[in-house]
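Here is the structure we will look at, set down as structure tokens.
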Amino acid sequence: MKRSIINLIRYTFVAVLVTFTGIVKGQIGSFEISVRNITQTASNRLEFDVYLLDADPLQPFQLASCQLGFLLNSLIHAGGTLSAAIDNTGSGLNASQQFSATPSVATGLAGYPNQTLIRLAGRTPPGAGNGTIISTTGSGTLLTHFILTSSVDFAESSTPDITFTSSSATTPLYPTRVNIYDGTNNIGLVVTPGTNAIVYGNPILNPPVPVAPVANAAENITCTGFTASWQASSGAVSYRLDVSTVEDFSDFVNGYKDLDVGEELKYEVTGLTGSTSYYYRVRAVNAYGASANSNTISCLTSPPVPSAPSAQAGSGAVCTQFTANWSAS
């Protein structure tokens, strides 16, 4: 009976030790790999950064190796081909671990319609003690910067829909893998899209700019100005106004070239000359650019108010009348 109790205590201790060890191992592998700063830098170019964060500041995270797999929306480059490149400027990886392979691109994936696969192979593990210590602050350690270029402009108002592949992905996909050193052991970690493999942002590519507004006839015309007005343009957040004395706008009235007039639908144009023909046009603007020019409106300012005449001495005075005289104004 006594021996049975001793054995039970031993087994319980071993079970607790194994469980505790497993918990410690799990803490060592706590991380987030992320895509950030997704930016369209040209009508056919998309760029983004890849970061790796040690999510447990109490456990050092020494990177052994990493390879990257992404899926994205093939429809953004419909009718063309996509190429990928990387730029390691600013990478926080040790020189021996910085990516050196050229990313490859695959389309027409069986079972994954309208998906494009981006693959980037990692480097040979440098050996325990030589791996990059991954940052625990901010977004983590910058791994690399991707540049995706299409042979045609991205489809208007499309989205890239970038996602990581998981560490368990199989052909035709390419797994994202993150390995760390735990002591001298090289351990592969589980990568799960949406859980510890996160894509921040999904910008609209080549979004439409506002429709050109319709300019109205000038109002409140005086010898020194008028009120320009126009109709609202859908999607506009502000308007730009041009005023010129020539119909082709080859020259502009001082201060009225691409003047930001905010979100108002009319603007008081001042400081003009009387009896002069002026022309104005407007453009609608949003975060994605400016519209085409509106129609052109012409406006003739009123004649200037004449200057005061100079009165002169009267003449021809008699008992009942005289002639008043003044100089022309």
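The values are calculated or read from the model by the stated rules, or taken from the named source; none is laboratory data. Note that the structure is predicted; figures quoted are calculated from it, not measured. Reconstructed Cβ throughout: ideal geometry from the backbone, glycine too, with neighbour counts over all protein chains shown.
Some observations on this one:
- Scan of region 299-329 for residues that are in contact with a Ser or Thr (Cβ under 6 Å, 6 or more places away or on another chain), within 25 Å of residue 221 (Cα to Cα) and β-branched (Val, Ile, Thr), ordered by number: 301
- Sole residue being farther than 30 Å from residue 63 by Cβ, out of contact with any Gly (no Cβ under 8 Å at 6 or more places or on another chain) and hydrophobic (A, V, I, L, M, F, W, C), chosen from 236, 197: 236
- With respect to the conditions (1) under 30 Å from residue 156 (Cβ atoms); (2) free of Cβ contacts under 8 Å to residues at least 40 places away in the same chain; (3) part of a strand (DSSP E or B), residue 279 lacks only one, and its number is (1).
- Answer residue from region 244-270, given it is touching a Phe, Trp or Tyr at 6+ places or on another chain (Cβ under 9 Å) and among the small types (Gly, Ala, Ser) and is surrounded by the fewest Cβ atoms within 10 Å (Cβ to Cβ) among those: 262
- Filtered residues of region 50-86 (kept if closer than 21 Å to residue 124 by Cα, modelled with pLDDT of 95 or more and either part of a loop (DSSP other than H, G, I, E, B) or among the basic types (Lys, Arg) (or both)): 61
- The condition of being modelled with pLDDT under 95 and of a type in the set (A, V, I, L, M, F, W, C) holds for only one of 236, 232, 215, 228, that being 236.
- Note on region 112-170: residues that are aliphatic (A, V, I, L, M), surrounded by fewer than 17 Cβ atoms within 10 Å (Cβ to Cβ) and either within 26 Å of the chain's Cα centre (by Cα) or within 18 Å of residue 80 (Cβ to Cβ) (or both) amount to 2.
- Residue that is farthest from residue 187 (Cα to Cα) [pool: residues in region 14-39 that are at pLDDT 95 or above and polar (S, T, N, Q)]: 39
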